[in-house]
Amino acid sequence: MINNILQEKERLDDLQNGYWIIQNPENFCFGLDAVLLSCFSRIRPGEEVLDLCTGTGIVPLLLKAKTPGKHFTGLEIQETCADMARRSVEYNRLQSEIEIVTGDVKEAAGLFGAASFDVVTCNPPYMIGQHGLQNPQMPKAIARHEILCTLEDIVRETSKILKSRGKFYMIHRPFRLPEIFHTLMKYHLEPKRMRLVYPYVDKEPNMVLIEAMKGGNPRLKTEKPLIVYESPGVYTREILEHYRMG
């Protein structure tokens with residue numbers, strides 16, 4: 001079955017939670033940010049979840065493994081990535097619980113309808129303009145740079161497709177926090193929780209996890225810092241627990 005489902009240069013990776021994911025190292029493989037997003041997101045029983053910019057479907061797979069959500073949908077504009085995600089769903093026999101849709105984030109409300117999800121998650125492109133070096137390989141460049149969608153596109157469409165009091169979970173870069181908060185509140189998504197992620201205890205944060213609520217009251221809880229490494233190449237205990245993806 002593996003030979004039938006894998007295409008050239010693809011591999012099948014064990015997520016250590018009962019599920020597997022198809023990836024192509026030459027295009028894009030998931031990283032720590034997807035794992036942290038799935039751990040930060042709080043999904044309740046029976047909830048319908050949409051993951052924007054889903055790539056090869058890692059976040060829906062992780063959320064399915066660790067939360068009691070009813071159904072998970074991934075939206076991805078690149079057909080190559082969406083196809084890998086669908087084949088991962090098929091390999092794991094999760095077709096009734098996870099759906100992968102090829103489409104543009106900027107048209108999400110038209111694709112799914114207003115107020116159609118309880119939760120939206122997103123691990124978006126972090127970089128704008130010339131921030132960072134754009135990878136010459138287009139799938140990686142699209143994943144990392146705002147080439148096909150912007151932060152405002154994501155937040156605007158999320159506000160449309162979330163139900164009242166629905167939750168939005170996102171991981172991003174701290175240097176964009178003023179813009180992130182401004183954009184969230186512009187579209188009536190009130191920041192409720194935030195956690196900064198530090199590579200080492202004595203370094204500045206390089207990621208931030210954010211929870212926002214549609215129509216929520218103003219009150220932001222800042223959670224304790226999350227430290228990734230104890231020393232070079234050695235994860236902290238909390239990160240190791242996050243990587244136990246079951």
**Asked** If you take the residues of the range 146-180 that are in contact with a strand residue (DSSP E or B) (Cβ under 9 Å, 6 or more places away or on another chain) and acidic (D, E), which of them is surrounded by the most Cβ atoms within 10 Å (Cβ to Cβ)?
**Response** E157
**Message:** Just the residues that are surrounded by fewer than 19 Cβ atoms within 10 Å (Cβ to Cβ), farther than 20 Å from D33 by Cβ and not acidic (D, E), please, taken from the range 193-215.
**Reply:** G215
**Asked** So S41 clears everything in (1) touching a Ser or Thr at 6+ places or on another chain (Cβ under 6 Å); (2) without any contact (Cβ under 8 Å) to a residue 24 or more places away in the chain; (3) closer than 22 Å to R173 by Cβ; (4) not β-branched (V, I, T) except one condition, right? Which one?
**Response** (2)
**Message:** Restricting to the range 181-192, name every residue that is assigned to a helix (DSSP H, G or I), surrounded by fewer than 21 Cβ atoms within 10 Å (Cβ to Cβ) and touching a residue at least 12 places away in the same chain (Cβ under 8 Å).
**Reply:** T183, K186
**Message:** I need the strands (runs of 3 or more DSSP E) fully contained in the range 1-109, keeping only those with at least 2 residues that are under 20 Å from V155 (Cβ atoms).
**Reply:** 48-52, 71-76
**Request:** Scan the range 138-150 and give yes if some residue there is touching a Ser or Thr at 6+ places or on another chain (Cβ under 7 Å), at pLDDT below 95 and either in a helix (DSSP H, G or I) or over 28 Å from Q78 (Cβ atoms) (or both), otherwise no.
**Result:** yes
**Message:** Just to be sure I understand, how many residues within the range 48-72 are touching a Phe, Trp or Tyr at 6+ places or on another chain (Cβ under 8 Å) and surrounded by fewer than 21 Cβ atoms within 10 Å (Cβ to Cβ)?
**Reply:** 2
**Message:** Here is a check on your reading of the model: is E79 among the charged types (D, E, K, R), out of contact with any Asp or Glu (no Cβ under 7 Å at 6 or more places or on another chain), without any contact (Cβ under 8 Å) to a residue 60 or more places away in the chain and closer than 24 Å to L162 by Cβ?
**Reply:** no
**Complete:** If we keep only residues of the range 73-99 that are among the charged types (D, E, K, R), surrounded by fewer than 24 Cβ atoms within 10 Å (Cβ to Cβ) and under 17 Å from the mean Cα position of the chain (by Cα), then the residue farthest from F112 (Cα to Cα) is R86
**Item:** Answer residue from the range 216-237, given it is in a loop (DSSP other than H, G, I, E, B) and charged (D, E, K, R) and is surrounded by the most Cβ atoms within 10 Å (Cβ to Cβ) among those
**Value:** E223
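The values are calculated or read from the model by the stated rules, or taken from the named source; none is laboratory data. What you see is a predicted model; the values in this text were computed from it and never measured. Positions of Cβ are generated from backbone atoms using ideal geometry, with glycine treated the same way; all protein chains shown enter the neighbour counts.
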